[in-house]
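A.B. asks: Mind looking over this structure? Questions follow.
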């Protein structure tokens with residue numbers, strides 16, 4: 001359960017001013033994801049995520065377990081903020097939080113940065129509390145990196161295709177639902193999350209059959 005993850009991310013966003021374009025350093029090349037690819041089919045379009053299995057083995061293995069268990073199917077992007085991020089993977093369309101496995105160790109010091117298009121684990125103020133929830137950065141959020149304001153948020157993936165979809169997600173109208181702010185008025189649902197089978201160059205990825213959750 002990581003209900004507080006949303007609150008912590010919100011507090012960090014409010015407390016950290018955005019850097020002006022003139023003050024931003026020249027971007028350095030991003031490491032190419034060396035692991036599996038996961039395809040999210042959402043109600044606003046498809047997002048393809050490459051995973052950094054070499055740099056974030058714990059986070060990637062955890063994410064893949066949830067994908068194979070079909071945990072993400074029917075969950076929503078429950079918190080979206082323009083100029084910040086889109087967070088999902090933890091709640092269904094009724095804002096009921098899904099049961100998760102044991103939390104994992106934070107891999108925030110893996111050298112990967114919270115840049116636009118990167119995918120990171122959401123957590124509470126306990127660095128080692130990440131479960132199933134993740135967020136996609138829509139701008140460079142370097143204040144979330146290791147050592148800037150503590151343990152940081154572990155980046156484990158990169159959007160390979162579909163950042164236009166993520167931009168649409170953070171642009172939707174939002175509201176307050178109970179204790180949750182920035183909730184899309186119309187739910188943005190992850191219809192399916194599947195690991196893609198390796199395909200020849202230029203070929204579209206095919207979804208890999210997923211295992212059913214164990215009782």
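The values are calculated or read from the model by the stated rules, or taken from the named source; none is laboratory data. None of these values were measured; they are calculated from a predicted model. Don't worry about glycine lacking a Cβ; one is built from the backbone with ideal geometry, like all the others, and counts go over all protein chains shown.
A.B. asks: With the requirement that a residue be within 16 Å of residue 191 (Cα to Cα) and either crowded, with 24+ Cβ neighbours inside 10 Å or under 14 Å from the mean Cα position of the chain (by Cα) (or both), what does region 47-70 give you?
C.D. replies: 47, 48, 49, 66, 67
A.B. asks: Being touching a helix residue (DSSP H, G or I) at 6+ places or on another chain (Cβ under 9 Å) and in a loop (DSSP other than H, G, I, E, B) is the filter here, so list the residues in region 108-125 that pass it.
C.D. replies: 108, 110, 113, 114, 115, 116, 117, 122, 123, 124, 125 - these are the residues of region 108-125 that are touching a helix residue (DSSP H, G or I) at 6+ places or on another chain (Cβ under 9 Å) and in a loop (DSSP other than H, G, I, E, B).
A.B. asks: May I ask you to verify whether residue 201 is closer than 25 Å to residue 94 by Cα and either part of a loop (DSSP other than H, G, I, E, B) or modelled with pLDDT under 90 (or both)?
C.D. replies: Numbers: closer than 25 Å to residue 94 by Cα: no; either part of a loop (DSSP other than H, G, I, E, B) or modelled with pLDDT under 90 (or both): yes.
So residue 201 fails the test.
A.B. asks: Report, by residue number, each residue of region 6-58 that is in contact with a helix residue (DSSP H, G or I) (Cβ under 6 Å, 6 or more places away or on another chain), modelled with pLDDT of 70 or more and not in a strand (DSSP E or B).
C.D. replies: The answer is 35, 44, 53.
A.B. asks: Taking the stated definitions as given, is residue 83 part of a loop (DSSP other than H, G, I, E, B), surrounded by fewer than 24 Cβ atoms within 10 Å (Cβ to Cβ), at pLDDT below 95 and at positive phi?
C.D. replies: no
A.B. asks: Just checking, does region 120-133 include any residue being closer than 19 Å to residue 46 by Cα, crowded, with 18+ Cβ neighbours inside 10 Å and modelled with pLDDT of 95 or more?
C.D. replies: Residues of region 120-133 that are closer than 19 Å to residue 46 by Cα, as a first pass: 120, 133.
Okay, now just the ones that are also crowded, with 18+ Cβ neighbours inside 10 Å, so 120, 133.
Next, only the ones that are modelled with pLDDT of 95 or more stay: 120, 133.
Looking through region 120-133, at least one residue is closer than 19 Å to residue 46 by Cα, crowded, with 18+ Cβ neighbours inside 10 Å and modelled with pLDDT of 95 or more.
A.B. asks: Could you please let me know if residue 96 is out of contact with any helix residue (DSSP H, G or I) (no Cβ under 6 Å at 6 or more places or on another chain), without any contact (Cβ under 8 Å) to a residue 12 or more places away in the chain and under 26 Å from residue 179 (Cα atoms)?
C.D. replies: yes
A.B. asks: Within region 160-181, track down each residue that is surrounded by 21 or more Cβ atoms within 10 Å (Cβ to Cβ) and not in a loop (DSSP other than H, G, I, E, B).
C.D. replies: 166, 169, 170
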